[in-house]
Amino acid sequence: METMRLAVATDCGECFMGRHFGDAEFYEIFEISGSGYEYVGRVTNNLDEEEGHADPKKAKGIVGLLVEQGVQVTIAKVFGPNIMRIKKHFVCVLASHDKISDGLDMLVGRYPKIVAEHGVGGERGFLDWRDG
């Protein structure tokens, strides 16, 4: 796989946010490979508020929004209980970085692991790279 499409949950476009992935104001979309990354664009999270914590309708809406953009990987500092639904569709990466560029650099360095996890299909893993 030459490149993969990645969604970053953010409110400002420069830093990861400290709330659940599905609560982002928008998602920055990147193409990533083992040699670097390229900005694709921004998708606004215009989904309604959840009816309750871990609302399955919200998870379905986020999945639909990102699948429409061709996303295969998600990265955030925080995922909520809907991670169990989200990871059926995407490789989910938990990062400790504050700056998005630092998180993307980390992903480039570990790109073969992301590709391998994506190849699992179905119930993908959850890559917790907070400790480096």
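Every read-out reported here was derived from the displayed coordinates using simple, explicitly stated rules and does not represent laboratory data. Keep in mind it's a predicted model, so treat the numbers as computed, not measured.
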- Query: Relative to the first principal axis of the alpha-carbon coordinates of the chain, what is the inclination of helix 111-120, with its axis defined by its Cα atoms, in degrees from 0 to 90 and to the nearest 10?
  - Reply: 50
- Would you mind checking the tilt of helix 56-67 against the longest principal axis of the Cα atoms of the chain, expressed as 0 to 90 degrees and rounded to 10? 40
- Computed over the chain: relative contact order in percent, which uses C-alpha pairs under 8 Å that are six or more apart: 27
- Task: Output the pairs from 60/87; 57/99; 58/87; 77/113; 60/99 with a Cα-Cα distance over 23 Å in this structure; if there are none, say none.
- Result: 57/99; 60/99
- Amide H within-cut-off set for residue 10, under 5 Å, with H built and near neighbours excluded: 25, 26, 28
